[in-house]
Amino acid sequence: MNANMDLVPITDNKQHIMINLKALEIWFVTGSQHLYGEAVLQQVAAHSREIAESLNRDPRIPVTVVYKPTVKTPEEIYAICMEANAAPNCIGIVTWMHTFSPAKMWIRGLKALSRPICHLHTQYNRDIPWKEIDMDFMNLNQSAHGDREFGFMMSRMRINRKVITGHWQDIGVLQELGAWARAAAGWHDWQGARLVRFGDNMRYVAVTDGDKVEAESQFGFSVNTHGIGDLVAMIRDIPDKAVTALVKEYADSYRITSSLLKDPALKDAARIELGLKAFLEAGRYKGFSDTFEDLHGMVQLPGISVQRLMKAGYGFAGEGDWKTAALVRAMKVMGSGLPGGSSFMEDYTYHFDPANPMVLGSHMLEICESIADGQPSCEKHPLGIGGKADPVRLIFNSAAGPAINASLVDMGHRFRLLVNEVEAVTPPADLPRLPVARVLWEPWPDMKTGCTAWILAGGAHHTCYSQQLTADHLEDFADIAGIELARIDKHTNLRQFRNELRWNDACY
Ligand code: MN
């Protein structure tokens, strides 16, 4: 089975590949029981269908919402959970108890369910119909207590789930459900996902390393290594005609000098991109990593190729950092269709001006084109490490505005997801001698607290930087994954944050 089958690549009018979240489904499952008689159950079914169809039409919910018939017995509940587990496109279920649904009926089904679950604590009517309300109305609209019975069982069984409270047409509820659906899509994408590492991780580096066996067991994606020679062979076999066509695409897409257009280095870069793409497609990989310490047979370190492949939806991180590569992929899936982009990133250097402190984020080359503000410039410059020919890269600034940095850390016996909300700013000056793409931001709640908290949590220098997602998306994602989320945001207080880390150590 093709690992990408569940995510159908479609091409938008800008000719880059997006991930089609509408191909994925969340199932709307309403709980009830036989106590009330057929007429009430018909009402329950009609209301549930109306809610599911309304959620499905809402642009804030990026996936398909599928109405499922009301479940009224332990057998029906077990059957729908098993059906969800087996359905390749079902990424999660949304439950709601329109009436009372005695929760012992749910035990066997919930025990078997392997899909993420969201409990929508809503009610068909927004308002109490003051003049008409009678015991028939009360009999039908019981979610205020029916959902509590269900919630008890979920808590008793210690099942991680999202709980969303409010009327189903409320914009806040729709936003929360949309965010959870995106997190579930990212999680679904990881299950069975394949990542390839060309070479090992950078020598002696700690934070980018980790337990690949434990990661596969916890997260569902596998990471396997290929010697750089396997990739070099594919790069070498790319036909000249394809290289010429891609060079023309570079010329059409970017600011580029006529001397670089004639430079053989540009053809070398295009050939690397085509070879990498062919390798990833042949191996059905969703992400990759390389390292400047293992480039035998490569003409230059992949620069522009990686920047463009990330934009096409592949996860990537440098120096063998497979954890960040996997995270970049998941965050691209979660952010699909939202404005802005998501990229591999590294906190590079600081501006410690007390009046205007900020972090300059960048990498040697590999910042995703999706976060470019305006048309990138395609240039060739020397690279101090790696000992190869000068690599071609895209250079650009990134737009000002809210963003997040996220890092997946291997704590030895468990994983931690660390998120910092940041505010990106417009560079206060030109950086004429800096030959790489870059972003400037100030971390929340402030430079000093944000950076201190990050260091205390053991966050990596490598991150996924996203303009598309918020910390809320990653909180849902960590919950689904069953791992700790350490969150640094506007409300972070260092003393409290240190305590949270200590308590989480005990909890996880
Ligand atoms: Mn790095």
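The values are calculated or read from the model by the stated rules, or taken from the named source; none is laboratory data. Just so we're clear, the structure is a prediction, and the values are computed from it rather than from any experiment. Backbone-built Cβ (ideal geometry, glycine too); neighbour counts: all protein chains shown. Quick note on the areas: whole protein, heavy atoms, side chains included, nothing else; ligands and nucleic acids left out. Shrake-Rupley method; radii C 1.70, N 1.55, O 1.52, S 1.80 Å.
From the list 408, 501, 417, exactly one residue is at pLDDT 95 or above and over 27 Å from residue 92 (Cα atoms). Which is it?
Details: 408 fails: over 27 Å from residue 92 (Cα atoms); 417 fails: over 27 Å from residue 92 (Cα atoms).
Residue meeting the stated conditions: 501.
Every residue in the stretch 190-206 that is within 24 Å of the chain's Cα centre (by Cα) and at pLDDT 95 or above, please.
Across the stretch 190-206, the qualifying residues are 190, 191, 192, 193, 194, 195, 196, 197, 198, 206.
Considering only the stretch 468-508, state which residues are hydroxyl-bearing (Ser, Thr, Tyr) and under 27 Å from residue 178 (Cβ atoms).
We begin by selecting, within the stretch 468-508, every residue hydroxyl-bearing (Ser, Thr, Tyr); these are 470, 492, 508.
Those that are hydroxyl-bearing (Ser, Thr, Tyr) and under 27 Å from residue 178 (Cβ atoms): 470, 492.
Which of the residues belonging to the stretch 180-194 are in a loop (DSSP other than H, G, I, E, B) and open to solvent by 10 Å² or more (accessible area, probe 1.4 Å)?
191, 192
Looking only at residues in the stretch 363-380 that are within 16 Å of the ligand (Cβ to nearest atom) and either among the hydrophobic types (A, V, I, L, M, F, W, C) or at positive phi (or both), which one is surrounded by the most Cβ atoms within 10 Å (Cβ to Cβ)?
Per the criteria, the residue is 367.
If you scan the stretch 93-138, which residues turn out to be touching a residue at least 24 places away in the same chain (Cβ under 8 Å) and either among the aromatic types (Phe, Trp, Tyr) or in contact with an Asp or Glu (Cβ under 6 Å, 6 or more places away or on another chain) (or both)?
96, 97, 100, 103, 106, 121, 124
Would you confirm, using the coordinates I've provided, whether residue 384 is under 21 Å from residue 272 (Cβ atoms), open to solvent by 10 Å² or more (accessible area, probe 1.4 Å) and within 16 Å of the ligand (Cβ to nearest atom)?
In short, yes.
Which count do you get for residues in the stretch 308-331 that are in contact with a Lys or Arg (Cβ under 7 Å, 6 or more places away or on another chain) and either within 12 Å of the ligand (Cβ to nearest atom) or touching a residue at least 60 places away in the same chain (Cβ under 8 Å) (or both)?
5
Those residues that are open to solvent by less than 20 Å² (accessible area, probe 1.4 Å) and among the small types (Gly, Ala, Ser), I need them from the stretch 411-458; list them, please.
Once the filter is applied, which keeps residues that are open to solvent by less than 20 Å² (accessible area, probe 1.4 Å) and among the small types (Gly, Ala, Ser), the stretch 411-458 yields 424, 437, 450, 453, 457.
Go through (1) closer than 20 Å to residue 459 by Cβ; (2) open to solvent by 30 Å² or more (accessible area, probe 1.4 Å) for residue 216 and report which single condition fails.
(1)
Any residue that is more than 23 Å from residue 87 (Cβ to Cβ) and within 16 Å of the ligand (Cβ to nearest atom) - is there at least one of those in the stretch 175-185?
no
Inside the stretch 238-281, can you point out the residues that are outside any helix (DSSP H, G or I), open to solvent by 20 Å² or more (accessible area, probe 1.4 Å) and under 21 Å from residue 312 (Cβ atoms)?
238, 239, 255, 256
Can you tell me which residue among 289, 305, 336, 343 is open to solvent by 10 Å² or more (accessible area, probe 1.4 Å) and either modelled with pLDDT of 95 or more or more than 15 Å from the ligand (Cβ to nearest atom) (or both)?
Being open to solvent by 10 Å² or more (accessible area, probe 1.4 Å) and either modelled with pLDDT of 95 or more or more than 15 Å from the ligand (Cβ to nearest atom) (or both) holds for just one of 289, 305, 336, 343, which is 336.
Is it fair to say residue 185 is closer than 23 Å to residue 283 by Cα, touching a residue at least 40 places away in the same chain (Cβ under 8 Å) and of a type in the set (A, V, I, L, M)?
Criteria met by residue 185.
Across the stretch 218-232, what is the total count of residues that are assigned to a helix (DSSP H, G or I) and under 11 Å from residue 190 (Cβ atoms)? Break it down stepwise before answering.
Our first condition is that a residue be assigned to a helix (DSSP H, G or I); within the stretch 218-232, this holds for 218-219, 228-232.
Retained after the next criterion (residues that are under 11 Å from residue 190 (Cβ atoms)): 218-219.
Within the stretch 218-232, residues that are assigned to a helix (DSSP H, G or I) and under 11 Å from residue 190 (Cβ atoms) number 2.
Looking at the stretch 235-247, is at least one residue without any contact (Cβ under 8 Å) to a residue 12 or more places away in the chain, of a type in the set (A, V, I, L, M, F, W, C) and within 16 Å of the ligand (Cβ to nearest atom)?
Looking through the stretch 235-247, none of the residues is without any contact (Cβ under 8 Å) to a residue 12 or more places away in the chain, of a type in the set (A, V, I, L, M, F, W, C) and within 16 Å of the ligand (Cβ to nearest atom).
Kindly establish whether residue 299 is of a type outside the set (Ser, Thr, Tyr), touching a helix residue (DSSP H, G or I) at 6+ places or on another chain (Cβ under 9 Å) and not in a helix (DSSP H, G or I).
yes
Residues of the stretch 109-142 being under 30 Å from residue 186 (Cβ atoms) and either among the β-branched types (Val, Ile, Thr) or loosely packed, with under 15 Cβ neighbours inside 10 Å (or both), which ones?
111, 112, 114, 117, 122
Name the residues in the stretch 55-104 that are open to solvent by 30 Å² or more (accessible area, probe 1.4 Å), within 10 Å of residue 25 (Cα to Cα) and touching a Leu at 6+ places or on another chain (Cβ under 6 Å), would you?
Within the stretch 55-104, just 89 meets the criteria.
Restricting attention to the stretch 51-78, and to residues there that are without any contact (Cβ under 8 Å) to a residue 40 or more places away in the chain and assigned to a helix (DSSP H, G or I), which single residue is nearest to residue 184 (Cα to Cα)?
Checked the stretch 51-78; the qualifying residue nearest to residue 184 (Cα to Cα) is 56.
So is residue 406 closer than 22 Å to residue 477 by Cβ, hydrophobic (A, V, I, L, M, F, W, C) and within 16 Å of the ligand (Cβ to nearest atom) or not?
For residue 406, the condition - closer than 22 Å to residue 477 by Cβ, hydrophobic (A, V, I, L, M, F, W, C) and within 16 Å of the ligand (Cβ to nearest atom) - is met.
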